[in-house]
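Input: a single structure, listed below in structure tokens.
The values are calculated or read from the model by the stated rules, or taken from the named source; none is laboratory data. Source: prediction; values computed, not measured. Counting neighbours? That spans all protein chains shown, and the Cβs are built from the backbone with ideal geometry, glycine included.
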Amino acid sequence: MKGMTSDEARSWCLEAGLSVDEDQVLGYPDSGRNRFYIPAPEEHQRILVFARTVLTFRGEKSFPGGVLWLRRWDIGSPQLVQVGWEIVEGLRRAEGDLRSLDVAPAQWFRHDEPVSLHAFLLQAIAFGWVTDYIPASGGFFVHLKDNRQVCFTADSAVTLKELRNTFSEWNPTNEDPMVLRMRALEKERELGR
């Protein structure tokens with residue numbers, strides 16, 4: 001496992017075939033059609049299972065490694081989120097990387113480090129951090145949003161179908177449920193005028 005700066009993470013993503021815009025938003029050509037959303041679980045055990053399912057999407061033995069790129073890890077009250085920072089930075093220090101998340105917000109994991117990546121991803125989900133997980137095998141990436149929705153984006157309809165089948169028990173939807181709810185509330189307000 002190795003810490004990465006945002007520039008290093010961006011370069012890695014570009015080499016992996018993703019586009020990265022000026023706001024560092026990842027994508028594939030035609031990404032809008034090949035995505036779905038799942039509400040992030042909130043109970044610790046469910047987060048643990050969900051994160052493991054993300055990492056073992058194509059099977060235990062085919063874990064490819066990849067990059068976990070933390071975008072916003074300062075969401076919430078400092079007294080609570082600092083616990084997550086301490087956990088993640090402590091895991092990094094154990095591997096000899098003394099840089100803070102401010103300096104190196106991404107982490108690269110080898111194919112033989114699924115437990116380490118699982119530990120990092122667990123923190124990102126539990127603390128509600130905006131984060132991207134990009135598996136080294138390519139084909140898809142996962143974006144954890146600041147509204148506790150998880151967006152899966154695939155490079156093809158075939159991969160999207162495979163992802164939907166794997167995550168069917170998590171009730172995937174084509175649109176972000178929080179965005180849909182906000183639209184519905186706006187319509188209610190307009191009708192009430």
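Please state which one of 66, 84 is touching a residue at least 24 places away in the same chain (Cβ under 8 Å) and under 25 Å from residue 14 (Cβ atoms).
Only one candidate qualifies: 66.
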Subject >> Hits in the stretch 29-87 (condition: under 21 Å from residue 157 (Cα atoms) and hydrophobic (A, V, I, L, M, F, W, C)) >> reply: 36, 38, 54, 55, 57
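Scan the stretch 111-147 for residues that are of a type in the set (Phe, Trp, Tyr), more than 16 Å from residue 62 (Cβ to Cβ) and in contact with a helix residue (DSSP H, G or I) (Cβ under 8 Å, 6 or more places away or on another chain) and jot them down.
Initial filter on the stretch 111-147 (of a type in the set (Phe, Trp, Tyr)): 120, 127, 129, 133, 140-141.
With the extra rule that they be more than 16 Å from residue 62 (Cβ to Cβ), the set shrinks to 120, 127, 129, 141.
Matches in the stretch 111-147: 120, 127, 129.
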**OP:** Please find, within the stretch 155-193, the residue that is farthest from residue 29 (Cα to Cα) out of those that are acidic (Asp, Glu) and touching a Gly at 6+ places or on another chain (Cβ under 9 Å).
**Re:** 162
**OP:** Count, please, the residues in the stretch 173-186 that happen to be more than 14 Å from residue 145 (Cβ to Cβ) and within 23 Å of the chain's Cα centre (by Cα).
**Re:** 1
Subject >> Residue that is surrounded by the fewest Cβ atoms within 10 Å (Cβ to Cβ), among those in the stretch 149-164 that are in contact with a Lys or Arg (Cβ under 7 Å, 6 or more places away or on another chain) and closer than 12 Å to residue 54 by Cα >> reply: 151
**OP:** For the stretch 15-70, enumerate the residues that are of a type in the set (S, T, N, Q) and surrounded by fewer than 20 Cβ atoms within 10 Å (Cβ to Cβ).
**Re:** 19, 24, 31, 45, 53, 56, 62
Subject >> Hits in the stretch 99-118 - residues which are free of Cβ contacts under 8 Å to residues at least 60 places away in the same chain, under 20 Å from residue 74 (Cβ atoms) and not polar (S, T, N, Q) >> reply: 101, 102
**OP:** Determine which member of the set 132, 146, 112, 102 is buried (at least 22 other Cβ atoms within 10 Å of the Cβ) and acidic (Asp, Glu).
**Re:** 132
Original post:
Just one of 38, 47 is part of a strand (DSSP E or B) and either in contact with a Pro (Cβ under 8 Å, 6 or more places away or on another chain) or not β-branched (Val, Ile, Thr) (or both); which is it?
Top reply: 38
Original post:
Could we say that residue 45 is modelled with pLDDT under 95, more than 22 Å from residue 110 (Cβ to Cβ) and among the polar types (S, T, N, Q) here?
Top reply: no
Subject >> Unique residue being farther than 17 Å from residue 124 by Cβ and over 19 Å from the mean Cα position of the chain (by Cα) when the list is 98, 14 >> reply: 98
Original post:
Only one of (1) within 17 Å of the chain's Cα centre (by Cα); (2) surrounded by 15 or more Cβ atoms within 10 Å (Cβ to Cβ); (3) touching a residue at least 60 places away in the same chain (Cβ under 8 Å) fails for residue 92. Which number is that?
Top reply: (1)
